[in-house]
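This report concerns only the one structure given below.
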Amino acid sequence: MSREIPTEKLRVYHLLLPGWVVILHILFFLISWKVAMIMAAVTLLLFYLYIRGEKKFRLGLKEYQEHLALRVNEVGDKGLNGLPVAILLHDPKGKIEWHNDTLLHFIGRKEAVIGERVEEILPFLSEKNLADSSSFRLPYKGKVFQVKKQKEGVIYLLDVTEVEESKKKLAAKEVVLAMIQLDNVEEATQGMDDQQRTLALSRVASILNDWATHYKIFLRRTASDKFLALLNHEILLTLENNRFDVLDKVRAEMGTGKMPFTLSIGVVQGGDSFLQLGRMAQDALELALGRGGDQAVVREGERLSFYGGKSSAVEKRTRVRARVISHALRDLMNDSDQVLIMGHKMGDYDSIGAALGVARIAKMNQKQGFILFEGRNQSIGRLLDLLDQQEEVQRSLISPAEALARCTPRTLLVVVDTHIRSLLVEPSLLKKTNRVVVIDHHRRSEESIEDPILFYLEPYASSTSELVTELIQYQKDPLSLEYYEATALLAGIIVDTRHFSYRTGVRTFEAASFLRKAGADTSGVQALLKEELSQFVRRSRLISGAEIFYERIAIAVGSEGEEFPPVLIAQAADTLLDMQGVAASFVIARRSDGLIGISARSLGEMNVQVIMEEMGGGGHFNNAATQLKEGTVQEIKGKLLSIIEKHFQEGSVEE
């Protein structure tokens, strides 16, 4: 049957009828009634034919529309069902009203699922979020789907598994750059002749070459103690899973002498250019060295990971860097309008002593040094009493608000005993001047102050007071120290070394000797450090409930309702470490400022710095701490034990 619409016939009917009517009327009036009757009959016939044609036309039009709709639906169904996109419609309650066949293919069903709930068919979609418009990707039944939801109750699903797999393959082949450096080459090879030194360095290079060959890494030696490595992300994941075992291999095979060979590795991925990648790798290597060496630092975008760190930083025997830093500090001071000196919050003997030493260096260079003072601190009360008697010191102490008002773009800001922004007395000062110098002895943290013009961080040093004392010795008239300045510096060294029994090197004794020569009062230091009987009793009570875990880790926890000064918590950790069989100690207690503090100490078997970093703190390999705002002391104890257990399982602590 033809599906053409009979429009031509209908058009003829529409033209003939008016013509016949006109002729009828003319003949009716002009000719005769007989002719008029004939014309009337013809007119009736035409009306009949018109009505019949109209009916036939409408019937044909309806059939044509039905046929066209059928063809459109057929094409639409084939198109929707042939699309690689699954489509479903649902009502406001989440019941499926319609879907195409692609959905059944995606979910592995043969029969229609109309009437079932969306979250039953697609568990990742809940009734709560069905009304929201969003687009996201997620895995489901071994595949990855791109999901697009619309408010009209329409959901589109596209299988992007192949795209994701291609992205993973591409990511696995992404270039990773590593810079490797031997730690303490000069110290480790001291006393060796040229042949022995060459053999030792060749042995290290051989270990690295074997390691690179095993993991299919491109390795090239760029200097006697430096290497460059190229690898991809897939290899990097393997290295991370093995926790950079090359660190252990070098330490085990080359650590038999008096001074061990260790490695520092900086690894980066994700730079926009090779130039940026190289700079990032250098920064990562410097971070590894700043944290004491013997570790790998991996930076992937904003993520930082640390591996190794099983060795304590080795003392540098050369003082060339101290001289260079001292002269650079002198030049910076001479080029500044004034010097502001800032330590960390809750200042201690080391922080105050170092600040006084830097203020003296400023005066040696005819500059006024101002020390930020946040208020009296019970833990250093006797030292503050001594300084109250010195008019010169009182003139140099200023509040954080006054420091902000004084600071200009040409002001030199010297940060001592910390390099972490959040621990500064007034972090806002960093925005007022870009002339920042950092002097610190703590292992480098990822929260380090950005882009200081001079960064003097030596993790091997006993204290910042030791570093500042060495800087003073390379200034003009170094013995012009006042007795109270020398005494404060010596007190900082004695406190941080626990009376020269902890983290003490040759240069520590040399610094103490210089301070004694400059007028430090040793009996005065002893008087400053005397402990009140009440404090001794409180410390004894704090450690009386200590428990031993893993046979050699002591953990003491203060009662929830009692507050302790930070210095007392630190002293308790020191005391626990003196106990027989204790290799590491942790003391957890609520501090007088409302925070919960943890002081951690180690004899060298455990890197307490990385443990404290996982809890938001930091410090040294053997000496670290953190402060927490939330939780109870018992909850924090549980978290600490979980972290310690993880380190035992990973092998970073030997059982």
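Selection over region 588-619 of residues that are farther than 20 Å from Glu447 by Cβ and either without any contact (Cβ under 8 Å) to a residue 60 or more places away in the chain or not assigned by TED's automatic domain parsing to the domain that holds Ala546 (or both) gives a count of 10.
Tell me which residues, restricted to region 181-204, are at pLDDT below 85, in a helix (DSSP H, G or I) and among the hydrophobic types (A, V, I, L, M, F, W, C). Across region 181-204, the qualifying residues are Val185, Ala188. Note on region 267-301: among residues that are farther than 14 Å from Phe244 by Cβ and of a type in the set (Asp, Glu), the one that is surrounded by the most Cβ atoms within 10 Å (Cβ to Cβ) is Glu286. Residue count for region 474-526 satisfying the condition of being of a type in the set (S, T, N, Q) and under 40 Å from the mean Cα position of the chain (by Cα): 5. Gly519 meets the conditions (1) surrounded by 13 or more Cβ atoms within 10 Å (Cβ to Cβ); (2) of a type outside the set (S, T, N, Q); (3) touching a strand residue (DSSP E or B) at 6+ places or on another chain (Cβ under 6 Å) in every case but one. The failed one is (3).
Report, by residue number, each residue of region 420-432 that is in contact (Cβ under 8 Å) with a residue 40 or more places away in the chain, farther than 28 Å from Gly293 by Cα and not in a helix (DSSP H, G or I). Matches in region 420-432: Val425, Glu426. When region 510-564 is filtered for residues that are aromatic (Phe, Trp, Tyr) and in contact (Cβ under 8 Å) with a residue 24 or more places away in the chain, the ones remaining, listed by number, are Phe514, Phe549, Tyr550, Phe564.
Only one of the numbered conditions (1) more than 18 Å from Arg382 (Cβ to Cβ); (2) in a helix (DSSP H, G or I); (3) out of contact with any helix residue (DSSP H, G or I) (no Cβ under 8 Å at 6 or more places or on another chain) is not met by Ser523, and that is (1).
Among the residues of region 620-637, write down those that are under 19 Å from Ser445 (Cβ atoms) and hydrophobic (A, V, I, L, M, F, W, C). Passing the criteria: Phe621, Ala624, Ala625, Leu628. Listed by first and then second residue, the pairs with beta-carbon distance under 9 Å, at least 6 apart or on different chains, first residue in region 345-366 and of a type in the set (Ser, Thr, Tyr), second in a loop (DSSP other than H, G, I, E, B), are Tyr349/Ser463; Tyr349/Leu529; Ser351/Gly343; Ser351/Asp417; Ser351/Thr418.
Checking each residue in region 597-617 for being in contact with a helix residue (DSSP H, G or I) (Cβ under 6 Å, 6 or more places away or on another chain) and buried (at least 22 other Cβ atoms within 10 Å of the Cβ) picks out Gly597, Ser599, Ala600, Arg601, Ser602, Ile611.
Here region 215-260 is the region considered, the condition is being closer than 29 Å to Lys169 by Cα and of a type in the set (S, T, N, Q), and the residue that is surrounded by the fewest Cβ atoms within 10 Å (Cβ to Cβ) is Asn241. Exactly one residue out of Ala178, Ala112, Ala212 is small (Gly, Ala, Ser), touching a residue at least 12 places away in the same chain (Cβ under 8 Å) and either part of a helix (DSSP H, G or I) or exposed (fewer than 13 other Cβ atoms within 10 Å of the Cβ) (or both): that is Ala212.
Taking the criterion of being among the hydroxyl-bearing types (Ser, Thr, Tyr) and surrounded by fewer than 19 Cβ atoms within 10 Å (Cβ to Cβ), the residues of region 406-447 that qualify are Thr408, Ser422, Ser428, Thr433. Does Gly375 satisfy being under 37 Å from the mean Cα position of the chain (by Cα) and farther than 19 Å from Ser480 by Cα? Considered against the rule, which asks whether it is under 37 Å from the mean Cα position of the chain (by Cα) and farther than 19 Å from Ser480 by Cα, Gly375 comes out as yes.
The values are calculated or read from the model by the stated rules, or taken from the named source; none is laboratory data. Every value quoted in this text rests on a predicted model; they were computed, and no experiment measured them. As a convention, Cβ positions derive from the backbone with ideal geometry for all residues, glycine included, and neighbour counts pool all protein chains shown.
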